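> Structure incoming, see below.
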Amino acid sequence: MTAAPVGTGPGRLLVAVYGIFALAAGARAGVQIATRFDEAPLAYALSAFAAAVYVVLTVALARGARRTALAACAIELAGVLIVGTLSLADPAAFPHATVWSGYGSGYVFIPLVLPLVGLFWLLRTRRPD
């Protein structure tokens, strides 16, 4: 294994993508919560949660906080899989889409691929024992 810091090389691209997703999901959730929260509170709250996870990942990757980033990637992947499955199994429960609905289909499935790439990068760059 290489001992590269997580926020260098290709890790910088990962930081940038997570930063963009943090801004996009946060702005979307903020507008939805402020203007029509009563229409789909679960969906909008989940979008806000996704934005928070993306913020944590952005900061953790940029600072090299490997354990925090690993935990956040695992939470993100679980969220995408759980919300994605539930949104397809029971569409009535999600009258409005979240960032993770349909496994991130509204975002070209990037929310599904991103935690896998993040986990791969974090594990690839871990320090040798």
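> Please work out how much length the chain gains when fully extended from Thr35 to Ala52, using 0.36 nm per residue of separation minus the C-alpha to C-alpha distance, in nm with one decimal.
Values: separation 17, 0.36 × 17 = 6.12 nm, distance 1.95 nm.
The Thr35-Ala52 span can extend by a further 4.2 nm.
> Here's another thing I want to ask about it. Figure the gain on full extension for Ala74 and Phe109 (residue separation times 0.36 nm, minus the Cα-Cα span) and round it to one decimal in nm.
10.9 nm
> Could I ask something else about it? Using packing as a proxy for protection, rank 116-124, 46-54 so that the peptide with the highest average count of other Cβ atoms within 10 Å comes first.
The peptides rank, most packed first, as 46-54, 116-124.
> Here's a follow-up. Quick check: net charge around Ala72, other residues with Cβ under 13 Å of its Cβ, Lys/Arg +1 and Asp/Glu -1?
Within the 13 Å Cβ shell, the charges total +2.
> Then there is this: When the Karplus curve 6.51 cos²θ - 1.76 cosθ + 1.60 is applied with θ = phi - 60°, which whole-Hz ³J(HN,Hα) does each residue of the stretch 42-56 get, with x for Gly and Pro?
With coefficients 6.51, -1.76 and 1.60, one gets 5, 4, 6, 5, 5, 5, 5, 4, 4, 4, 4, 4, 5, 5, 4 Hz.
> Give me the one-decimal nm value for the distance between modelled label points at Arg63 and Leu42, 7 Å along each residue's Cα-to-Cβ direction.
Taking the two extended label points, one gets 3.4 nm.
> Want the number for Ile20 to Leu116: 0.36 nm per residue separation, take away the alpha-carbon distance, what's left? Before the final figure, lay out the partial values.
Working: separation 96, 0.36 × 96 = 34.56 nm, distance 1.73 nm.
That pair, Ile20 and Leu116, stretches by 32.8 nm at full extension.
> Next question. Could you tally the net charge around Val99, taking each other residue with its Cβ under 15 Å from the Cβ of Val99, Lys/Arg +1 and Asp/Glu -1?
0
> Here's something else I'd like to know. Ranking Thr35, Thr68, Thr98 by Cβ neighbours within 10 Å, fewest first, what do you get?
Thr35, Thr68, Thr98
> Then there's this: Just how many % of Cα pairs in the stretch 10-125 lie over 22 Å apart, if you round to the nearest whole percent?
So the pairs more than 22 Å apart make up 29 percent of the total in the stretch 10-125.
The numbers here are math on the coordinates, done by the rules we state, and not lab data. None of these values were measured; they are calculated from a predicted model. Neighbour counts are summed over all protein chains in view; Cβ atoms, including those assigned to glycine, are modelled from backbone coordinates with ideal geometry.
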